[in-house]
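What follows is a single structure, written as structure tokens, with notes after it.
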Amino acid sequence: MAKTVPEIHLDDMVRLRKPHPCGGYEWRIVRLGTDIGLVCTTCGRRVLLQRGKFNKRLKTIITRASTHGTDSGDAPAAGGKEG
Ligand SMILES: [Zn+2]
């Protein structure tokens, strides 16, 4: 067995070869199964792709949901002007 299918997880951010009509390249995994559920992070549109198609279209896995390190300190409070 020589399968080189990238391992993906829920909430992973991925990049596909072709952009969405809205111009967005980045997608978030929202469903894993026979079909892969993706949400366009640019416009919020949700699509389903068959695993085979998804694997062909997948270009890069941007972030993995569970491997997150060196996260220390709190973010500085951004001064938002309201009103
Ligand atoms: Zn989009």
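Each value in this text was obtained by applying a stated rule to the coordinates, not by laboratory testing. The structure displayed is predicted, hence computed values, not measured ones. Every residue, glycine as well, gets a Cβ built from its backbone with ideal geometry; the counts of neighbours run over all protein chains shown.
Simple spin-label estimate for R46 and K18 gives 2.3 nm between the two label positions (7 Å along the Cα-to-Cβ direction from each Cα).
On the basis of the beta-carbon distance and an R0 of 25 Å, V39 and E7 show a calculated FRET efficiency of 0.80.
Binning the alpha carbon pair distances of region 13-63 at 10 angstrom intervals from zero yields the distribution 29, 64, 7, expressed in whole percent.
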